[in-house]
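Here's the structure, in C-alpha cells; my notes come after.
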Amino acid sequence: MVAKISMMAGAVVLALGLMSPVVANAVCIDEPCPPPRPAAGAGWKAANFPAPNGGVVAYRIMGGNPACASYDGRNCLWGMKVSQIDFNRVHPLVCGANHRAQWGVTGYEDRRHWCNLARRVVSMD
C-alpha cells in the first residue's frame, strides 16, 4: 500500500512539474550541492571608493572577503547602481587570491584600494 501511494504521489509530482525533496537532493549525492542563490541584489550594497579604483561599485562580503559585482569575474561593474545589475549574470570578483589571479595583486596591498577599504568598513559594522 505504501509503495502504491508513493508511486501515485510521484506521478502527481511529475504531472504537476513539481520536484520532490528526494529528487531535488539526488543531484547532490556524488558532489557538493551549490549554495542557494540569494534573492537578486540581496546582501549587495554600493559604495563610492576613491582612486586608484575610484567610483561607485556594488559589493558584498563572500568568505570574509569583499567581492564586487562583475559579469566576467574580472572587471567590476563600476558606475552601476545595485538596481541596474542583472544578478543572474553576476560572477563576482572576490578580493584576495581570486583578485590576485586576475590582476596580480590581492587588493589589500594598497590601503586606498576598494578591496582594502571595503574590508575595513565591514570590520567596523
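The numbers here are math on the coordinates, done by the rules we state, and not lab data. Being a predicted model, the structure only gives us computed values, none of them experimental. Here Cβ is always computed from backbone atoms with ideal geometry, including for glycine, and neighbour counts include all displayed protein chains.
Structure values in brief
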read-out: For Gly104, net neighbour charge (Lys/Arg +1, Asp/Glu -1) across residues whose Cβ lies under 15 Å away; value: 0
read-out: Neighbour-count order for Phe49, Phe87, fewest beta carbons within 10 angstrom listed first; value: Phe87, Phe49
read-out: Gained length - Val56 relative to Arg89, 0.36 nm times residue gap less alpha-carbon distance; value: 10.0 nm
read-out: Contact order relative to length of region 45-124, as percent, for alpha carbon pairs under 8 angstrom and 6 or more apart; value: 27 percent
read-out: Cleavage-rule hits, trypsin sites (Lys or Arg not before Pro), region 41-125, DSSP coil, Cβ neighbours within 10 Å at most 16; value: Arg74, Lys81, Arg89, Arg111, Arg112
read-out: Cβ-based exposure ranking for Val82, Val56, in which fewest neighbours within 10 Å come first; value: Val56, Val82
read-out: Cβ-based charge dipole, region 45-124, positive-most Cα from Ile85, Ala69, Tyr59; value: Tyr59
